[in-house]
Amino acid sequence: MNLPVEWLNALLGFVLTLAIFSYLLGDNPLFRLTIHLFVGVSSGYIAAVIFRQVWLHQLFQPLLNPQTDVLLRAWLLFSLLLAVFLLTKISPRLGSIGTPAAAILSGIAAGLMITGAVQGTLIPQLQATAAAFDPSRPLDTWLDGLILLLGAISTLAYFHFGADQSLRRRWWIRVLASSGLIFLGLTLGALFAALYSSTLTALIERLDTLISFFLR
Amino acid sequence: MDEIICQQCGHTNPMDAVFCQRCGALLPPSRPATDQLAPTLRAGEEPQKKSTSELEPLLPAWLREMRKGEESPPAPKEEKSAPPPPPSSQPSVAPEAEEEEIPEWLKELGILSSGPRKAQSVSFSEKEGKEEESAAPQEGWSKDLGPLSAPGSVANAFETGPSASAEPEAEASSMLFSADELPAWLRGEAQSAAPAAEEPVPDWLKAFAEEPPAPAAPAQPAVPAAEEPVPDWLKAFAEEPPAPAAPAQPAVPAAEEPAPDWLKAFAEETPGTTQASQPPSTPAVIGTSGAGEEDLSSLLEMEIPDWLAGISAEATSSQPAAEKTPALEAAELPAWVQAMRPIEAILSSEVEGAASLEEEKEGPLAGLRGVLPRAPETLPYIRPRTYSVRLNVTQDHQAHVQLLEQLIAAESQPRPRQATPAQKSGLFGYWLIAILLLAAILLPLFGGTQMTAMPALTPRGTWQFIESFNALPASPTILLVLDYEMSTSGEMEALLLPPLRHLTSIKQAHLAFIALNPLMSTMDERLLEALHVAQPQMPLPESVNLGYLPGGLSALPLFASNPTFAASPEARARWERSPFQRVKTLSDFDCVVLVTDNAESARLWIEQTNSLKYNTLLMVSSARSAPMLSPYFHSGQAKGMIAGLNDAAAYEQMSGLSGLARRYRDAYSAGLLLALGAGGIGALWGLLIRRNSKPQEGA
C-alpha cells in the first residue's frame, strides 16, 4: 500500500517540477497553475500549523484546563484580547482599536532588535576586527584584518557625498571611494556567485529527483 | 435718450432709475435733451470750446438778458463789491455770480424778499442733515451773531465758522443789504462789525454762546440759493412746507427792517428765551430748552408780523412759509448747472417724496416731517465688478494647442515593438545557455560520474565544524534549528546530511528539532528519512520535534531560557522521557546547529540567543547566505560553518562519509564551468559589440 502512495507522490513531484521548468518556454498556464497551487498549499499548511501549535496548544488548551494557574489564565486572556484587537485592523473604521496591540508588538520588537544588534553583532564584530591586529596573531591574520579594515573604510567613503567649496570631494575621499567601489564590485560579484551556486545546487537536486523517478 | 448706461458695469438702465439694476451703482443724473449735445465734462478732461449758439433759444429769458448784459459794462455797484470775500464768510455771493447780473428772482430771493429766502435756506439747511450740523462752527459763532434782529447775519455767522472774522461778514452784509434797508441797530452793527466782536457781550448772548451750536448748520444751504439760479430740486423744495422755516422766519425780517417790538423784547429776554428763538427753533428745541411753555406763549403774544401771525404752533409743519411768498419761477437750467447739483438733487423723486413723509423720532427735529432727505434705508447691494476671463486666443495659439493634443494622443497610442537583431541574438543565447546548462547537469547525473576531484583543501569553517563534533561527548544532545525555505531544501539536505550521519553514526547523538519557519515544522521526518536512506543499517537516532517556534524575534530569548515553552503537550511528554529531560535552557544542549538559508533570521537567532553563552553553535548555511554569515564564524560566535556544496564535499571527504555532495559534484562543477564560460563569452561579445559600435558612432 505504501508503494503506490510513494509512487504517486514521486509522480506528482515530477509533474510539478516539469511545470515549473516550463517557464523556460515563457509564461504559460501550466506554470501559473503550479505557482498558484504552491502558494495555496503553503498558505493552508501554515494556517493549519499555526492553529494547532499556537491557538490550540498555546492558548485554548491552557485556558480550558482547570488546573491552569489563574495568573497564567489572565495573562492568556489578555493576549487573546490583544489578538482580537489586532484582527480589527482589517476594518479601516475599527482599525484604531488594534493600534495598542500593534504598538506593543512594535515596541517589544524594536527594543529586542536594538539590544540584540548591539550585544550580538556590533560589539562582537568590533572585537573580532580589533583582534585581527593582535601582535600575537600570525601575519596572514594581520593581512586579513588590513583588507577588512580597508574594505570597510573605503566602502564607507564611497557613500560619503560631502563636498568642499568647489563642489568636489576631497582628494583623499576620492581615493578611498575608488577603492570602495572596487570592494563593492567584488562583494556584489561574490553575492551573485553564491546565489548562482545555491540555485545550481537546487536545480541539480530537482533534476536528480526526476532521474531517480525514471530509474526507479 | 430713454436709457442710462451705468458707468460701472455698462448696463443699460431706464431713464428714471437712480441705481443700476445690475451692479447697484449710483447712476448719473438723467439729462435733458439739450444735454445730449453737450456731453458731461469729467474729471481729467480738458474743456473744449464748442458752439452753443444753437442752444441760445433754449436759455431762459433772464439768462439771455444776462448774456446781453455782459456786453455792457458792469454796474459800478458791482465793481465796488468786487473784492473777493472770504470763502467762508461770503458763501451767498460767489465770484462768478458777482460778475453777472443777478436776475430778478435772485434779487427777490437774496435782497428784497429775504423772508422767503431765509425760510428756504433754513429749511434746506435742516435737510442737509446732521452731518453739516456737526461740521458747523462750535465756538464763537454766537459772539458774531449780534442781536437776533439780524438773522441774515446769523445765517452768515453760522456759515463762517470759528476762523471767520467779523469784517468780511460786515462786507457781505453790505453787499446783500443796503444801509437804508437795515435797521438802526443792524446798521451800527454792520459799520462796526470788527469791533463788535470785541465789545462786551450781553448776558443773554453769553448764555446763548454757551449753548450747544447744534442749530448752526441750517444757515449753510443759503449758498446755492444765492449764487446760482434756483434749480428744480430747489424749486420743489421751495414748494414744500419746510417745517422749521416758520419758527425761523421771525429772525428773517430783522435783516431787512427794524426789529419789531416783540423781537426787541425777545432780545431782552433771558438766555433761555433766546434759545427758543434760535434758527432751528423747532418745537422740539423749545421743548428741550430751558425755557418753559409759558415763556413761549408770552413770546407769541407779542407783536408778530402778519406773515407769522397766521402760523400756529401746531400748523408750523403743515403751513410752509414759502406758500405765502411768491413762488419762484421754474428756471430752465443748462446742462452744466444741472450737472453741478448736489447728489441729493439727483435722487429719484419717489425716494425724496417718500422720505419727506417720514417723521423724525428723536433729536431736535423730533416731530417734524420731511425735514431731512432720506436715502433708502438699505442701500442696494453693489455687486463687484465682473471682469471677463475669456482668453484672446489667436490662430497661432490654436495651432499650438492642436499640436500639443496630437503629441499627447501619440504618446498614449501603443507602438508596435520591432525586434532588433540584438534581441534576436539574446533570445538565441538564452536558449543556448539553457540547453547547455541542462546538458551539463543531466549528463553527469545520468551517468553517475565522479570525474571531479574532491576538494584538496578543507575550508577552515568545515574543519572547525568537524572538530567541534569530534569534541562532543558521547550521546550528545543536539538541537537542530531549521530555518530555510522549501525551495532550498534540496541544497540544505545535501549540506546537512553528512553532519547528521556523523552525529548519528559516530556520536550517537540525540536530536531535537525546532523550526523557525512553519513549513519546516515537520521537516524532521524528511531528514530522518533521508538519513535512513543514506545509512539504512543504522538505527534512527532518538529525536524530539519541538515544532514551530511562533513569535519570531520576540520568542527567541524565551526559547533560550525555556526550549520547551512552545512545544506541544505530546512533544513535552516525549521530551521528559528522552535524554533531553536534563535540558532546561539553551546552554544545556551540547551543540546547537543552525541550518539556514536566510542571513537575516540567522543573525536574529545569534543576536537574541546570545550564542556566546551556550556551548557550541555550528552553522549550516546555504551558499546564498554564506557571505553574510561568515563574519559570525570569523568572530568566534559560531564555532564551525558549512556553506555551500563545496564545503559539504569537503566534509564528506574529511569525515569519510559519502553523501549527496559527492553525487552532485560533477554536475555542480559542470554548471559552474558553464557559468564561467558563458560569462566570459558574454563579456567578450560585449566588448566586440562596443568596439564595432564606436566607429559607427564616430562616423
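Looking at A:D144, A:D164, A:D140 in this structure, which one is assigned to a helix (DSSP H, G or I) and exposed (fewer than 11 other Cβ atoms within 10 Å of the Cβ)?
Result of the check over A:D144, A:D164, A:D140: A:D140.
Here are B:L586, B:L556, B:L531, B:L503: which of them is more than 30 Å from B:S658 (Cβ to Cβ), crowded, with 22+ Cβ neighbours inside 10 Å and more than 10 Å from chain A (Cβ to nearest Cβ)?
B:L586
Where in region A:1-90 are there helices (runs of 4 or more DSSP H), lying fully within it, with 1 or more residues that are within 30 Å of A:S212 (Cα to Cα) and more than 29 Å from the chain's Cα centre (by Cα)?
By residue number, A:2-21, A:29-50.
Which is out of contact with any helix residue (DSSP H, G or I) (no Cβ under 7 Å at 6 or more places or on another chain) and surrounded by 13 or more Cβ atoms within 10 Å (Cβ to Cβ), of A:L105, A:L63?
A:L105
Looking for something within 13 Å of chain A (Cβ to nearest Cβ), touching a Gly at 6+ places or on another chain (Cβ under 8 Å) and part of a strand (DSSP E or B) - is there at least one such residue anywhere in region B:643-653?
Looking for residues that are within 13 Å of chain A (Cβ to nearest Cβ), touching a Gly at 6+ places or on another chain (Cβ under 8 Å) and part of a strand (DSSP E or B), one finds at least one in region B:643-653, hence yes.
How many of the residues making up region A:66-84 are closer than 17 Å to B:G551 by Cβ, open to solvent by less than 100 Å² (accessible area, probe 1.4 Å) and of a type outside the set (A, V, I, L, M)?
So the count comes out to 2.
If I filter region A:189-204 for residues that are closer than 28 Å to B:T609 by Cβ, of a type in the set (G, A, S) and in contact with a strand residue (DSSP E or B) (Cβ under 9 Å, 6 or more places away or on another chain), do I get at least one hit?
There is at least one residue in region A:189-204 that is closer than 28 Å to B:T609 by Cβ, of a type in the set (G, A, S) and in contact with a strand residue (DSSP E or B) (Cβ under 9 Å, 6 or more places away or on another chain).
Please count how many residues of region B:462-494 are open to solvent by 10 Å² or more (accessible area, probe 1.4 Å), within 14 Å of another protein chain (Cβ to nearest Cβ) and not in a loop (DSSP other than H, G, I, E, B).
Counting residues in region B:462-494 that are open to solvent by 10 Å² or more (accessible area, probe 1.4 Å), within 14 Å of another protein chain (Cβ to nearest Cβ) and not in a loop (DSSP other than H, G, I, E, B) gives 4.
Would you be able to tell me the number of residues in region A:85-102 that are hydrophobic (A, V, I, L, M, F, W, C) and exposed (fewer than 15 other Cβ atoms within 10 Å of the Cβ)?
4
B:Y632 passes all but one of (1) more than 12 Å from chain A (Cβ to nearest Cβ); (2) hydroxyl-bearing (S, T, Y); (3) under 17 Å from B:V595 (Cβ atoms); which number fails?
(1)
Filter region B:568-606 down to the residues that are at pLDDT 90 or above, charged (D, E, K, R) and more than 20 Å from B:A509 (Cβ to Cβ) and list them by number.
B:D597, B:E600, B:R603
Would you mind stating whether B:A434 is closer than 25 Å to B:D597 by Cβ, without any contact (Cβ under 8 Å) to a residue 24 or more places away in the chain and out of contact with any Gly (no Cβ under 7 Å at 6 or more places or on another chain)?
When the stated conditions are applied, B:A434 passes them.
Taking A:S166 and the conditions (1) in contact with a helix residue (DSSP H, G or I) (Cβ under 9 Å, 6 or more places away or on another chain); (2) more than 29 Å from B:R624 (Cβ to Cβ), which numbered condition does it fall short on, given that it satisfies the others?
Here A:S166 clears every test but (1).
Looking at A:L122, A:L176, A:L126, can you tell me which residue is over 30 Å from the mean Cα position of the chain (by Cα) and free of Cβ contacts under 8 Å to residues at least 24 places away in the same chain?
After ruling out the rest, the residue left standing is A:L176.
Would you mind finding the one in B:L688, B:L672 that is surrounded by fewer than 20 Cβ atoms within 10 Å (Cβ to Cβ), over 22 Å from B:L503 (Cα atoms) and away from chain A (no Cβ under 14 Å)?
Just a single option satisfies the conditions, and that option is B:L688.
Could you tell me whether any residue of region B:644-661 is in contact with a Leu (Cβ under 8 Å, 6 or more places away or on another chain), open to solvent by 30 Å² or more (accessible area, probe 1.4 Å) and in contact (Cβ under 8 Å) with a residue 12 or more places away in the chain?
Yes, there is a match, as at least one residue in region B:644-661 is in contact with a Leu (Cβ under 8 Å, 6 or more places away or on another chain), open to solvent by 30 Å² or more (accessible area, probe 1.4 Å) and in contact (Cβ under 8 Å) with a residue 12 or more places away in the chain.
So which residues in region A:167-192 are open to solvent by 40 Å² or more (accessible area, probe 1.4 Å), more than 14 Å from chain B (Cβ to nearest Cβ) and among the β-branched types (V, I, T)?
A:V175, A:I182
When the residues of region B:4-29 are filtered to those that are closer than 17 Å to B:A339 by Cα and surrounded by fewer than 17 Cβ atoms within 10 Å (Cβ to Cβ), which remaining residue is modelled with the lowest pLDDT?
Here the answer is B:P28.
Specify the residue that is nearest to the other protein chains (Cβ to nearest Cβ); the eligible residues are those in region A:49-60 that are open to solvent by 60 Å² or more (accessible area, probe 1.4 Å) and within 16 Å of B:L516 (Cα to Cα).
So the residue we want is A:R52.
Across region B:557-583, what is the total count of residues that are outside any loop (DSSP other than H, G, I, E, B), in contact (Cβ under 8 Å) with a residue 24 or more places away in the chain and either within 15 Å of A:P62 (Cβ to Cβ) or of a type in the set (A, V, I, L, M, F, W, C) (or both)?
Here the count works out to 5.
Taking the condition under 30 Å from A:A177 (Cα atoms), surrounded by 14 or more Cβ atoms within 10 Å (Cβ to Cβ) and of a type in the set (S, T, N, Q), does A:T129 pass?
Judged against the criteria, A:T129 is a match.
Please go through region A:193-216 and give me each residue that is more than 10 Å from every other protein chain (Cβ to nearest Cβ) and either part of a helix (DSSP H, G or I) or in contact with a Gly (Cβ under 7 Å, 6 or more places away or on another chain) (or both), ordered by number.
A:F213
The values are calculated or read from the model by the stated rules, or taken from the named source; none is laboratory data. Treat the numbers as computed from the prediction; the structure is a model and nothing was measured. Don't worry about glycine lacking a Cβ; one is built from the backbone with ideal geometry, like all the others, and counts go over all protein chains shown. What goes into the accessible areas is simple: the full protein's heavy atoms, side chains included, and nothing from ligands, DNA or RNA. Shrake-Rupley method; radii C 1.70, N 1.55, O 1.52, S 1.80 Å.
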